[in-house]
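Enquirer: Dropping the structure in here first, questions after.
The values are calculated or read from the model by the stated rules, or taken from the named source; none is laboratory data. The model shown is predicted, which means the values in this text are computed figures rather than measured ones. Cβ coordinates were reconstructed from backbone atoms using ideal geometry, including for glycine residues, and neighbour counts include every protein chain displayed. Each accessible area value is taken on the protein alone, full model and side chains, heavy atoms only, with ligands, DNA and RNA left out. Shrake-Rupley method; radii C 1.70, N 1.55, O 1.52, S 1.80 Å.
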Amino acid sequence: MNLIRLLSISLLILLQTALPAQTAYEHVTNTNLYTFIDDLAALHLIDVTTAIKPYSRSQIAVWLKQAEANQEQLSKAQRARLKVHLQEYSLESGTLKTGRASLYQKDEQLSVHLLPPEVVWRDTLFRAILRPIYGIRYFSYEAGNFYHSYGGAEAIAYIGKNWSVYASLRDNYQNKEVLALPSYLTLEPGGNYKINEGGRKGGDYSEMRGGITYSWNWGSVGLLKDHIQWGDNNNGSNILSGRTPSFAVIKLNMNPVHWLEFNYFHGWLVSQVIDSANSFVTQGGHFRARYRNKFIASNMYTFKPFKRLHFSVGNAIIYSDMNAHPAYMIPFFFFKSLDHTINRGIENQNSMMFVNISSRQIKHLHLYASVFIDEFSKTRISDPDRHNFISYKGGASLTGWPLKNLALTGEFTINYPNTFEHYIETTTFETNKFNLGHYLGGNSQELFGSVRYSPVGTLQLTLDFLYAMHGNDYPYDHNLPFPVDEHPVLEEKSWDRTGITFRAEMLPLQNTRVFAEYTYNNINGYDLDDNTAQYYLNKFTPAYLHGKTHGLVLGFGIGF
């Protein structure tokens, strides 16, 4: 059964006639918008399942309209941010965009704007926006100056009452430095780099995102290539981080009653493991390599027993060395049980479970926790010498109290050894070699704190503190003379980072930002397991951040 037929069957089963909120997704890198949505939820103006991202643009427009109806509860600075964001989502909310320096406008159907640059079309069947993307970050550190630039275009279209199409293409170039290799312990988005190509030092990569979706009044289904982030967090999720290169998915969202939301996706990952049996040499003598198949299926049930209390539970499986299996495309299953049937008597696939709890029942206060369970056995709980392969994250944010424009955040994460890993290279929790889970990987921990203040207009000032450490890189090998679950937890240190960041950001126009950032970092490696401190520094950190560093970052962006 091919992909098109499977998607068609899904659509036929799920078609509904009620007027839907159409679904094109807002990318998770639009952190200013996502933080603002968090603020509105903390003020009890909206109710949001923040464990599941990205959000659809139509749903964001609804939340912003709800806030607009109660804007007397917002501060002057919050109202300024609301006004800018409302302009960005005018296509979804049905209002007329009033961009500055309009170059052309005809009968409210076609309009062309210069600030920000975009072309908008509206009629009874088709609504669309087309606009360029461009941004740059300029870095100045003791090691030298360099920059990261990106450019491209994006389009968003709504067809009829049910269909949505969106696409975003951007080329990235990182001059002199590469910011996000798979081994680096950083929140920088990953990319498939071409390094030092064409004689220029640094790395460049292209990222194509987008999809087509069908929506009805209580859900949507779509074929996408995008980033998915699961798990409440303020500094990196420990379920699905969203920082890997994007990958293709069939995605389903359902919210049939107010107390239940369901999310599922089936994804085509990139193993980067050569399939020698299907690779070949061409007649011209060229070796044509092929990768081995690798897939992910994942679901999350979110229960809402009380208003603003969300309890989410889900599971996932990484499976490989077969074609996409229809059993894993049944959204509601516990996939480990399927694995015991499909792979009975042979090596099982890599399955995991996760739990997320989010409470905003006390106005201004958000309490959250998430658990990623990679491998679990009840017998390990009572054994002090053994551990399960688990990641824990917990945090709290206080927004709009005691001052209206102030937000305070604290967060702690601990990842036990060999979490997010697997001993079979085609079933690792990775795509393109980038870890799908927490950015620090196994045998690590992080303490994060943040103070955010909005003094005037859309200006936001943020002060972040971070301490992160990574322990031994233990081999995940069942042939060792002792069990892998007896590796000590954070007994020794191979790498750590202490960082302080001060950031100022403004939104002068919708879909546009300018920012400045000062950072202090003290990043060190340590001699461990017959490896030198320099080995761990090189493995986990780009060269410009080695040791004690002070840096200034300036930039702007049109498009996120």
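Enquirer: In µm²/s, what is D for the chain at 25 °C and 0.890 mPa s, where D = kT/(6 pi eta Rh) by Stokes-Einstein and Rh is the Kirkwood radius from Cα pairs?
Expert: Approximately 98 µm²/s, per Stokes-Einstein.
Enquirer: Grab the other residues whose beta carbon is less than 10 angstrom from that of residue 227, score K and R as +1, D and E as -1, and report the net.
Expert: Taking every other residue near residue 227 into account, the sum is +2.
Enquirer: In sequence order, what are the phi-derived ³J(HN,Hα) couplings for segment 532-541 according to the Karplus relation 6.51 cos²θ - 1.76 cosθ + 1.60 with θ = phi - 60°, rounded to whole Hz, with x for glycine and proline?
Expert: Listing the rounded values in order: 7, 4, 5, 4, 6, 4, 5, 6, 9, 9 Hz.
Enquirer: Please calculate the 1.4 Å probe accessible area of residue 170, with all protein chains present, and give it to the nearest 10 Å².
Expert: 20
Enquirer: Give me the accessible area of residue 352, 1.4 Å probe, in Å² rounded to the nearest 10.
Expert: Residue 352 exposes around 10 Å² with every protein chain in place.
Enquirer: Could I ask something else about it? Once you order the gyration tensor axes a ≥ b ≥ c over the Cα atoms, which shape class does segment 358-402 get: rounded for a/c under 1.5, otherwise prolate or oblate by comparing a/b with b/c?
Expert: Prolate.
Enquirer: Another question about this same structure. Whole-Hz Karplus ³J(HN,Hα) for segment 393-409, in order, using 6.51 cos²θ - 1.76 cosθ + 1.60 and θ = phi - 60°, x for Gly and Pro?
Expert: Running phi through 6.51 cos²θ - 1.76 cosθ + 1.60 with θ = phi - 60° gives 9, x, x, 8, 10, 10, 10, x, 7, x, 10, 4, 9, 10, 9, 10, 9 Hz.
Enquirer: Could you compute the net charge surrounding residue 504? Neighbours are other residues with a C-beta less than 12 Å from the C-beta of residue 504; K and R count +1, D and E count -1.
Expert: Net charge around residue 504: +1.
Enquirer: Give me the net charge of residue 249's neighbourhood, meaning all other residues with Cβ under 10 Å from the Cβ of residue 249; Lys, Arg count +1, Asp, Glu -1.
Expert: +1
Enquirer: For segment 265-392, what is the accessible area per residue in Å², given a 1.4 Å probe and the full set of protein chains? Intermediate values should be presented prior to the final figure.
Expert: Working: 6660 Å² over 128 residues.
Per-residue value: 52 Å².
Enquirer: When the solvent-accessible surface of protein heavy atoms is calculated with a 1.4 angstrom probe, in what order do 367, 436 fall, highest first?
Expert: Result, largest first: 367, 436.
Enquirer: Something else about it: Where a Cα-Cα gap under 30 Å defines reach, which lysines qualify for residue 378, not counting those fewer than 8 residues away within the same chain?
Expert: Qualifying lysines at Cα under 30 Å: 294, 304, 336, 393, 493.
Enquirer: Share of segment 517-560's accessible area from carbon and sulfur, percent, 1.4 Å?
Expert: 56
Enquirer: Classify segment 371-483 as rounded, prolate or oblate from the Cα gyration tensor: take a ≥ b ≥ c as the square roots of its eigenvalues, call it rounded if a/c is under 1.5, otherwise prolate when a/b beats b/c and oblate if not.
Expert: Here segment 371-483 falls in the prolate category.
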